[in-house]
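Q: First, the structure itself, so that you have it in front of you.
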Amino acid sequence: MIAAMIRKPLPEKQRQSQGVGNNYAFEVVTASSGSEKITKIGFTKGPEKRRLSRILYECQHQKIEHEEDPEHVPIRLYDKAEKLALQELSGFRYKFSCNCSVKEHREYFTVRSEVAREVVRRWREFCKQEPYDAEGKLRDFWEHRLRRMRRGEESETIHDHEKRALRWEAFVNPTDLEKIWFEFTQGFDKFWGWRWQGVAFIECCMIVVLSFPSFRAVLFFFGVVSLILAELLGFELPLTVQVVQDNFAKFQQLSRSPSLTISEMDKQNADSPTREIQAGSKSEDKELIPGINRLEDHDSALMDDESDREEKSELSVIVIPDDE
């Protein structure tokens, strides 16, 4: 799957490498294919003509041709671009017995050289946009495009290359409007998570303006701002949420007991843990008492058995009189 290959993180060596390489597509006539032309895809860090001469010498092909691409520029992620191109053309792989030391080539395909060059160009352009971050993971923008990408038809097979090529061509060439829209939605999502804090801040500003120069309003404003800043610092439990929860709990208690004052309510809440601890200790004592009683009964039973054995031993002694 091409999508799985795109999502696969970059290896450490490729993340740290700053060198560049060239991706190529050569038209080849092998020694065993007669006059049939096939295409070889690969990459090289040096000149492409030197790579062509080396392949011709090692594999002993009949002929190798290379067409220059005026728009081609070396890229950093040349290895990733090659893997993606090989994956897209995997349904057209050409298997043959080569004269070189490689047992099985994976980079030869039964497609026209124009098609192979178009595939190489597509993934070269994709990798030129640096779609992976410093940790080698796919950036959010491209992950978003993968999720929203149009799926193929159910009847589509691995050999339906034209349909698949159109989808991937649209994927690797996003418009400026698509990029701007993604940045806008990302910023909106971040703001939406803090919408209530923003509303609270605006309301506090309005209260201060309408009630100026009220000292209480200013104090309330700084209190709310302090709570918002505390949440921005990353507390595990947001302080504003805790305050709202406590006040809501007090409101429920007041609704159940209208005559209860705030001080009495706080005192009850403070005493409730103590009552729970005392109740827990009493229940534990109740659980321990039967065990203690059982131990005492066992000890008394043992003492009774020992006294019975002593009485029986005294009764079993026979007194023999002296001989006359």
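Bear in mind these aren't lab numbers, they're just calculated from the coordinates by the rules spelled out. This is a predicted model, so every value here is computed, not measured. Counting neighbours? That spans all protein chains shown, and the Cβs are built from the backbone with ideal geometry, glycine included.
Q: Hey, what does the equivalent ellipsoid look like for the range 2-176, semi-axes from the Cα gyration tensor as sqrt of 5 times each eigenvalue, largest first, whole Å?
A: Three semi-axes, in Å: 28, 20, 14.
Q: Hey, another quick one. Got the relative contact order for the range 71-221 handy, in percent, Cα pairs under 8 Å and 6 or more residues apart?
A: 19 percent
Q: Moving to a separate point now. Along the charge dipole of the range 2-176, which of 9, 173, 73 sits closest to the positive end, that is, farthest toward it, with unit charges on the beta carbon of Lys, Arg, Asp and Glu (+1, +1, -1, -1)?
A: Most positive-ward Cα: 9.
Q: Then there's this: Grab the beta carbon distance between residue 3 and residue 69, set R0 = 25 Å, and tell me the FRET efficiency rounded to 0.05.
A: E(calc), rounded to 0.05, equals 0.40.
Q: Over the alpha carbons of the range 77-202, what is the largest minus smallest coordinate on each principal axis, giving the biggest first in Å?
A: Reported extents, whole Å, longest axis first: 76, 35, 23.
Q: Rounded if a/c is under 1.5, else prolate if a/b beats b/c, else oblate: with a ≥ b ≥ c from the C-alpha gyration tensor eigenvalues square-rooted, which is the range 52-103?
A: Cα axes put the range 52-103 in the oblate bin.
Q: Treating only the Cβ of Lys, Arg, Asp and Glu as charged (+1, +1, -1, -1), what charge dipole size does the range 114-154 show about its Cα centre? Round to the nearest 20 debye.
A: Around 100 debye, computed over the range 114-154.
Q: Same structure, new question: Among 31, 44, 158, pick out the residue whose Cα is farthest towards the positive end of the charge dipole of the range 2-176, where Lys and Arg carry +1 and Asp and Glu carry -1 on C-beta, about the Cα centre.
A: Result: 44.
Q: How much length, in nm to one decimal, is gained on full extension between residue 166 and residue 37, taken as 0.36 nm per residue of separation minus their Cα-Cα distance?
A: Contour length minus Cα-Cα distance gives 44.0 nm.
Q: Rounded to whole Å, give me the distance from the Cα center of the range 198-216 to that of the range 8-29.
A: The distance from the Cα centre of the range 198-216 to that of the range 8-29 comes to 59 Å.
Q: Counting only other residues whose beta carbon sits under 15 Å from that of residue 8, what net charge do I get with K and R as +1, D and E as -1?
A: Result for the local shell: 0.
Q: Summing +1 for each Lys or Arg and -1 for each Asp or Glu, what net charge is found among the other residues whose Cβ lies under 14 Å from the Cβ of residue 95?
A: Once positives and negatives cancel, what remains is +1.
Q: Report the net charge of residues surrounding residue 164, where surrounding means a beta-carbon distance below 10 angstrom and charges are Lys +1, Arg +1, Asp -1, Glu -1.
A: Charge balance near residue 164 sits at -3.
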